[in-house]
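Presented below is the structure to which this report refers.
Only the coordinates and a few stated rules stand behind these numbers; no lab work does. In this text, all values refer to a predicted model and were calculated from it rather than measured experimentally. Cβ sites come from the backbone with ideal geometry, for glycine too, and all protein chains shown count toward neighbours.
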Amino acid sequence: MLDIFAFDWISFFIVGLATMFLVGELLVNTKGAFALLGFGLITLYFTAYLDTSMFLIMVGVYFLGILLIFVDGEFLNDGILAGIGALLMIVSVGLSSPNWRIGAYAIIGVVVGAACSLVWLKLLPKRNLWSKITLHDQLTDDEGYSSMNASYKGLIGERGVTLTDMRPIGTIRINKVDYSAISNGHWIKKDTNIIVRKVDGTRILVDPITESHDTKSS
């Protein structure tokens with residue numbers, strides 16, 4: 001009977017396919033089919049080279065890596081957790097190998113498998129979860145921006161005072177609320193009374209209050 005594990009390169013295919021299916025399960029809706037395939041393949045890899053005690057540890061490390069990549073990609077997007085997750089996956093398959101050749105093939109399999117999992121996005125429907133999260137974030141941003149615009153529009157004609165020198169950008173205070181504002185092309189010193197002349201989106205344009213302004217208002 002042929003022992004496939006006699007070939008060092010077999011770890012590349014087993015780990016690569018396992019990673020491609022498991023990461024693919026997070027990206028597209030396969031109703032758990034990819035998860036079963038991926039879990040079966042990665043279990044085959046770890047059981048071939050590890051005893052029972054180390055098997056549980058390394059499987060846990062591997063799946064923790066996938067979880068961190070998922071959390072980073074969907075909620076944080078700063079790359080830190082994704083990097084840690086990728087490192088955990090690489091460490092788990094690398095340390096599980098009996099020699100450096102099998103370990104190298106397995107590590108390459110993780111990288112190639114994760115990259116190839118993106119192909120599923122072109123072939124299969126994405127998970128509704130990602131669409132809902134993306135839509136919710138977009139609606140929240142749009143609503144927040146619209147609300148901010150409406151509140152800023154109400155500042156036109158309001159009076160306040162500069163908290164910093166405006167050269168020409170600085171901080172002002174109106175009705176006990178601080179705002180970032182810009183002067184109309186000239187410097188305004190700190191503690192100068194100002195009036196809001198124009199609001200463009202979240203850009204507040206102010207002028208210093210002079211005697212002419214007071215005369216007009218009266």
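Data table
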{"quantity": "Percentage relative contact order, the range 153-217, counting C-alpha pairs under 8 Å, at least six apart", "calculated": "31"}
{"quantity": "As computed over the range 4-132, the Cα convex hull volume per residue (Å³)", "calculated": "99"}
{"quantity": "Under 9 Å, Cβ to Cβ, from residue 205 - net charge with Lys/Arg +1 and Asp/Glu -1", "calculated": "+1"}
{"quantity": "Alpha-carbon centroid distance for the pair the range 77-121 / the range 167-185, whole angstrom", "calculated": "50"}
{"quantity": "Ranked list, fewest to most other Cβ atoms within 10 Å of each Cβ, for 207, 191", "calculated": "191, 207"}
{"quantity": "Loop-located chymotrypsin sites (Phe, Trp or Tyr not before Pro) in the range 149-206 whose Cβ has at most 16 other Cβ within 10 Å (DSSP)", "calculated": "187"}
{"quantity": "Environment charge of residue 94, counting only residues whose C-beta is closer than 14 Å and scoring Lys/Arg +1, Asp/Glu -1", "calculated": "0"}
{"quantity": "Count, lysine Cα pairs under 18 Å in the range 153-217, 8 or more residues apart or across chains", "calculated": "4"}
{"quantity": "Packing-based order for 20-28, 81-89, 47-55, using average beta carbon neighbours within 10 Å, highest first", "calculated": "20-28, 81-89, 47-55"}
{"quantity": "Dipole magnitude of the range 153-217, debye to nearest 20 (Cβ charges: Lys/Arg +1, Asp/Glu -1, about Cα centre)", "calculated": "140"}
